[in-house]
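The structure under discussion appears below in the form of structure tokens.
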């Protein structure tokens, strides 16, 4: 499950970044919002939700997550940066990122004009991408 979660993250980052860049380009060029733009955003949403599902399963299975063990020492979790990352920071900010993608996707569908559609996606997908990039455990992920 850890490998799936790690490799799927590349797809999530790519699709959310693609959605954000496409939306920023749409705002700057003032182009019409088309079917391709809708699909790019939808793929970002699907990839993010799938990754969230993998992460939620991993959260309950991982040996790095201590919340579900007897005699959990919360003080130790909060004092130890690697434990805090896997038990609190990474899950929390990734949930925030998934929520941002979901809100952006949902709000853009309600807009009737291209410019607000692109602007909504640009804001929410960019914020989600920043949250994702901030909380990826880079040392464990790349080495």
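If the elastic network links every pair of Cα atoms under 10 Å, which of 97, 56, 17 fluctuates the most in the Gaussian network model of the chain?
Greatest mean-square fluctuation among the candidates belongs to 56.
Using helices alone, I'd like the mean residue ellipticity at 222 nm for the chain: each DSSP H run of four-plus residues gives -39500 (n - 2.57), total over residue count, nearest 500.
Taken over the chain, the calculation gives -26000 deg cm²/dmol.
Given springs between every Cα pair under 10 Å in a Gaussian network model of the chain, which of 18, 112, 85 has the largest fluctuation?
112
Compute the FRET efficiency between residue 72 and residue 3 as 1/(1 + (r/R0)^6), taking r as their Cβ-Cβ distance and R0 = 35 Å, and round to the nearest 0.05.
E(calc), rounded to 0.05, equals 0.85.
Pop the C-beta distance of residue 42 and residue 89 into the FRET formula with R0 = 35 Å and round what comes out to the nearest 0.05.
For residue 42 and residue 89, the calculated efficiency is 0.75.
Would you please give the FRET efficiency between residue 62 and residue 11, computed as 1/(1 + (r/R0)^6) with r the Cβ-Cβ distance and R0 = 25 Å, to the nearest 0.05?
Plugging the Cβ-Cβ distance into 1/(1 + (r/R0)^6) gives 0.75.
Which residue, 81, 106, 126, tops the fluctuation ranking in a GNM of the chain built on C-alpha contacts under 10 Å?
Of 81, 106, 126, the Gaussian network model singles out 81 as fluctuating most.
Relative contact order of the chain: what whole-number percent is it, with Cα pairs under 8 angstrom and at least 6 residues apart?
The value is 35 percent.
FYI, it's all coordinate maths here, none of it is from the lab. A quick note: this is a predicted structure, and the numbers were derived from the prediction, not measured. Every residue, glycine as well, gets a Cβ built from its backbone with ideal geometry; the counts of neighbours run over all protein chains shown.
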